[in-house]
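Q: Okay, here's the structure, questions in a sec.
The values are calculated or read from the model by the stated rules, or taken from the named source; none is laboratory data. Source: prediction; values computed, not measured. Cβ: placed from backbone, ideal geometry, glycine included. Neighbour counts: every protein chain shown. With ligands, DNA and RNA removed, areas are computed over all heavy atoms of the protein, side chains included. Shrake-Rupley method; radii C 1.70, N 1.55, O 1.52, S 1.80 Å.
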Amino acid sequence: MPVTLHAHGLFQRNSTYYDGPALITECGIPPGSQFTYIIETRDQSGTYWVHSHYRMEGIDGLRTALVILDQDMSLLDEYDEDVLLTLEDWGQEPNNDLMERLQVTPFANLSTDHPTVLINGINANFLQPIRFTSGR
């Protein structure tokens with residue numbers, strides 16, 4: 001199955017053809033192939049969400065955070081550390097199975113049940129509690 005990537009919040013200045021929706025702004029990258037996205041990030045910093053934009057591949061875990069540091073690094077003294085937490089529902093049904101089921105009867109048996117929550121991609125049922133220290 002091909003893949004494309006879409007980044008929420010990134011300005012696509014002069015690169016809208018890299019915006020990710022397969023067969024709308026770009027063709028999918030075929031399996032086993034490589035492609036380099038070149039996106040101008042000058043004047044952009046922060047944390048963004050990147051995910052696959054081909055069919056429903058994001059359901060299968062093709063998603064991540066993208067952190068772009070401020071170029072002048074002027075805020076480094078304002079905090080002690082960076083902590084990146086991603087929280088996701090995971091329905092455990094592969095996207096191909098879900099797509100086949102929905103094509104037969106749209107929205108039939110479409111469960112909003114998400115038996116697992118992922119924290120930074122790890123099943124939350126197996127993690128120790130996350131603790132933060134005030135003032136740190």
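Q: Starting from residues that are of a type outside the set (Gly, Ala, Ser) and over 23 Å from residue 96 (Cα atoms), keep the ones in the stretch 1-15 and report whichever is most open to solvent (accessible area, probe 1.4 Å). Let's see the steps before the verdict.
A: Residues of the stretch 1-15 that are of a type outside the set (Gly, Ala, Ser), as a first pass: 1-6, 8, 10-14.
Among the residues that remain, those that are also over 23 Å from residue 96 (Cα atoms) are: 8, 10-14.
Values: 8: 79, 10: 20, 11: 108, 12: 28, 13: 107, 14: 143 Å².
Across the stretch 1-15, the extreme among qualifying residues is 14.
Q: Search the stretch 44-68 for residues that are closer than 19 Å to residue 31 by Cα and pair each with any residue that is assigned to a loop (DSSP other than H, G, I, E, B) and open to solvent by 70 Å² or more (accessible area, probe 1.4 Å) when their beta-carbon atoms are under 6 Å apart and the residues are at least 6 apart or on different chains.
A: 52/62
Q: Another one. Looking at (1) part of a loop (DSSP other than H, G, I, E, B); (2) surrounded by fewer than 10 Cβ atoms within 10 Å (Cβ to Cβ); (3) of a type in the set (D, E, K, R), which one does residue 77 not meet, given that it meets all the others?
A: (1)
Q: Additional query: Quick one: how many residues across the stretch 95-121 are modelled with pLDDT of 75 or more, part of a loop (DSSP other than H, G, I, E, B) and open to solvent by 60 Å² or more (accessible area, probe 1.4 Å)?
A: Qualifying residue count, the stretch 95-121: 1.
Q: Any idea how many residues of the stretch 80-94 are open to solvent by 70 Å² or more (accessible area, probe 1.4 Å) and modelled with pLDDT of 80 or more?
A: Restricting attention to the stretch 80-94, the residues satisfying the condition of being open to solvent by 70 Å² or more (accessible area, probe 1.4 Å) are 80-85, 87, 89-90, 92.
This time we only want the ones that are modelled with pLDDT of 80 or more, so: 83-85, 87.
Adding up the residues that qualify gives 4.
Q: Out of all the residues in the stretch 79-103, which are over 17 Å from residue 51 (Cβ atoms) and among the hydroxyl-bearing types (Ser, Thr, Tyr)?
A: Hit for the stretch 79-103 is 79, nothing else.
Q: Taking residue 72, is it loosely packed, with under 12 Cβ neighbours inside 10 Å, at pLDDT below 85, part of a loop (DSSP other than H, G, I, E, B) and not hydroxyl-bearing (Ser, Thr, Tyr)?
A: yes
Q: Determine whether residue 18 is without any contact (Cβ under 8 Å) to a residue 60 or more places away in the chain, open to solvent by less than 60 Å² (accessible area, probe 1.4 Å), farther than 30 Å from residue 129 by Cβ and under 18 Å from the mean Cα position of the chain (by Cα).
A: On the way: without any contact (Cβ under 8 Å) to a residue 60 or more places away in the chain: yes; open to solvent by less than 60 Å² (accessible area, probe 1.4 Å): yes; farther than 30 Å from residue 129 by Cβ: yes; under 18 Å from the mean Cα position of the chain (by Cα): yes.
Yes; evaluated as a whole, the condition is true for this residue.
Q: Let me ask you something else. Can you name every residue in the stretch 21-46 that is in a loop (DSSP other than H, G, I, E, B), open to solvent by less than 40 Å² (accessible area, probe 1.4 Å) and modelled with pLDDT under 85?
A: Listed by number, the list holds a single entry, 21.
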